[in-house]
Amino acid sequence: MRTVTLSKVDALQDALGTEDNVSVTVDNTGNRKALLVVRNGPNEGARFSLTSNDSVIGRHPDSTICLDDVTVSRRHAHLEQHDGQVVLRDLGSLNGTYVNQERIEETVLAHGDEVQIGRYRMVFFESAS
């Protein structure tokens, strides 16, 4: 096990220090899949293990990763894992899908990328198996 600290984004940039940071424990044993960790927004610190090779992110309760907020479309984005890569694709969402603050239609995620879906800002950790 290891602990990773994610610095919280302070939109007003008026809070110095580490009070708003989020610390998460990451399992570093056995077979691991990729991981999304909520850095800012509802459910800060929540972890979503990408155990499926095919995942839908959205507000709908049947989504693989359910982000329950009005800024998230019912079927917002799609994650597909193949050949050691994780591809993120926007599904025509109203508010868009962003990686490292750039709106995307489709992109391959890299370790440490920031994914923004609605009010959720998440950090992507690639598999280390």
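Find how much the distance from Ser52 to Glu106 grows on full extension, using 0.36 nm per residue of separation minus their present alpha carbon separation; answer in nm with one decimal.
Extending this stretch completely gives an extra 17.6 nm.
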Given +1 on the Cβ of Lys and Arg, -1 on the Cβ of Asp and Glu, and no further charges, what dipole in debye does the range 32-114 carry about its Cα centre, rounded to the nearest 20? 220
Determine how large the accessible area of Glu44 is when every protein chain is in place; take a 1.4 Å probe and give Å² rounded to the nearest 10. 80
Going 7 Å from the Cα of Ser127 toward and past its Cβ, which residues in the range 41-56 have a backbone nitrogen under 11 Å from where you end up? 50-54
Residues of the range 40-129: accessible area per residue at 1.4 Å, in Å²? 53
Relative contact order of the range 30-82 (C-alpha contacts under 8 Å, at least 6 apart) in percent is 28
Just the Kirkwood number for the range 49-129, please: inverse of mean 1/r across all distinct Cα pairs, in Å, one decimal. 12.5
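The values are calculated or read from the model by the stated rules, or taken from the named source; none is laboratory data. What you see is a predicted model; the values in this text were computed from it and never measured. Using ideal geometry, Cβ is built from the backbone for each residue, glycine included, and neighbour counts are taken over all protein chains shown. Just so you know, the surface numbers come from the protein's heavy atoms only, side chains and all, with ligands and any DNA or RNA stripped out. Shrake-Rupley method; radii C 1.70, N 1.55, O 1.52, S 1.80 Å.
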